[in-house]
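The values are calculated or read from the model by the stated rules, or taken from the named source; none is laboratory data. All values derive from a computational prediction rather than experimental measurement. Cβ: placed from backbone, ideal geometry, glycine included. Neighbour counts: every protein chain shown. Side chains included, ligands, DNA and RNA excluded: accessible areas come from the protein's heavy atoms. Shrake-Rupley method; radii C 1.70, N 1.55, O 1.52, S 1.80 Å.
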Amino acid sequence: MLLVALTLTLAGCATVMGPYYLEQEQYEEGISVLGERLKENPDDASSSYYVGRYHLALNQPSEALPFLETAARLEPDNADYAFWTGVAYWALLDFDRERAAYLRAVSLDPNHISAHLYLGHGYMDHEQWGKAIEEYDTVLKLDKYNPEALYNRARALAALGKTKDEIAAWKKFLEFYPDGSMAMTATEQLNLQGDFTYRNHIIGGRNVTLRSAAFKPGTSELEKDSKPSLQVLTAMMQVNKKLRLHIVAYVKGDKSLARARAEAVRETMLNGVRDVDPQRLPLSWFGDAETVNAGGKQFPLDESVTFITDLR
């Protein structure tokens, strides 16, 4: 009874302490503490697993693998243990065993999001685009906002030449993740296909992805989806008191409507805001199409609004 109680106590400690050292990023201390417990109980799968995870976090896959393999051997029905052996194999460039580990994980748990995601990444690396999309679709059924699945699914569709589906996939990614380097790349790819629903702008020395201003047909009334990006610009101007933005509107064949739209954009940006002087938002308008260069091609936009940092 004493031996059983001791074993349960050790296992319980690993269950509690294991995640703690990961969350606190105290990997070396975790290796020391749980390593001592493994000396007392070499068959403690949980301790072995976490020691392996700590070594991976320290970029020591060779040291991690034996611990992770031990954990997977001791608890062969644990999908997480199988998955993390796959991560170690990946770090050691053993891609066949990596894939086998992920397949093992999803056979144990068909809803294992990370295993499906990493299987997708592996298929992408081997240019197996269709299989990659299948894995990413599985991930998105389980987690519809998963950024890596949304982003890489669009890449796979691009590789297959499915332009219409690719455009829809980039838009879906940008709907949920309009900020950061991935958003900028997604926008570049979208623009290369002649779609300018989103555009990258240099605002005050920063690269910013914005949803393009859209209006109800033939009017200067902004669509609801256009307003959040304008609020982002207003917030930037509130932080940077020296920032001036030139609002430039284009409507082919209707200069007066272009002017009304430029004014509507400024009015929306200033709505409810007292600390941004309207003079920091000068306006220009043209009754012509805007010409946009993307990927060595020129795209005429009959209706658009763009923003230019005014350095005066």
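Of the cross-linked pairs Lys171/Lys227; Lys224/Lys255; Lys216/Lys255, which ones have a Cα-Cα span greater than 19 Å in the structure shown?
The answer is Lys224/Lys255.
Fully extended, how many nm does the chain gain between Lys162 and Leu92 (0.36 nm per residue separation, minus their Cα-Cα distance)?
21.8 nm
For the chain, give the magnitude of the charge dipole about the Cα centre (Cβ charges: +1 Lys/Arg, -1 Asp/Glu; no others), in debye to the nearest 20.
1700 debye
Per residue, how much accessible area does the chain show when a 1.4 Å probe rolls over the protein heavy atoms, in square angstrom?
Ligands and nucleic acids excluded, the result is 54 Å² per residue.
Is the shape of region 40-94 rounded, prolate or oblate, going by the alpha carbon gyration tensor and its root eigenvalues a ≥ b ≥ c, with a/c under 1.5 for rounded and a/b larger than b/c for prolate?
oblate
Any aspartates and glutamates with Cα under 15 Å of the Lys144 Cα? List them, leaving off those in the same chain fewer than 8 positions away.
Within the straight-line cut-off, Lys144 pairs with Glu134, Glu135, Glu175.
Taking amide hydrogens as modeled 1.01 Å from N in the peptide plane, which residues meet the under 5 Å criterion relative to Ala213, leaving out close sequence neighbours?
Amide H to amide H, under 5 Å and 5 or more residues apart or across chains, Ala213 pairs with Val305.
At 7 Å along Cα-to-Cβ for each site, give me the label-to-label distance between Tyr145 and Met236 in nm.
2.4 nm
In a GNM of the chain with a 10 Å cut-off on Cα contacts, which of Thr291, Thr85, Thr187 has the highest mean-square fluctuation?
Looking only at Thr291, Thr85, Thr187, the biggest GNM fluctuation is shown by Thr291.
Can you compute the FRET efficiency between Arg274 and Asp254 using 1/(1 + (r/R0)^6), with r the Cβ-Cβ distance and R0 = 30 Å? Round to the nearest 0.05.
0.35
If R0 is 25 Å, what FRET efficiency do you get for Gln298 and Glu221 from their C-beta distance, rounded to 0.05?
0.25
How are the alpha carbon pair distances in the chain distributed across 10 Å bins from zero to the largest one, expressed in percent?
Histogram of Cα-Cα distances, whole percents per bin: 6, 20, 22, 17, 15, 12, 6, 2, 0.
Label region 99-158 by shape, choosing from rounded, prolate and oblate, from the square roots a ≥ b ≥ c of the eigenvalues of the Cα gyration tensor; if a/c is under 1.5 it is rounded, and otherwise prolate applies when a/b is larger than b/c, oblate when it is not.
Here region 99-158 falls in the oblate category.
Report, ordered by chain and residue number, the lysines lying within cross-link reach of Lys141, taken as a straight Cα distance under 16 Å and ignoring same-chain residues fewer than 8 apart.
Excluding near neighbours in sequence, the set is Lys131, Lys172.
Across 10 Å bins from 0, what is the distribution of all Cα-Cα pair distances for region 70-207, in whole percents?
13, 35, 29, 17, 6, 1
Can you classify region 154-281 as rounded, prolate or oblate using the Cα gyration tensor, where a ≥ b ≥ c are the square roots of its eigenvalues, rounded means a/c under 1.5, and otherwise it's prolate if a/b beats b/c and oblate if not?
Oblate, since a/c reaches 1.5 and b/c is not below a/b.
Going by Cα centres, region 49-66 and region 235-292 are how many Å apart?
After rounding, the separation between the Cα centres reads 54 Å.
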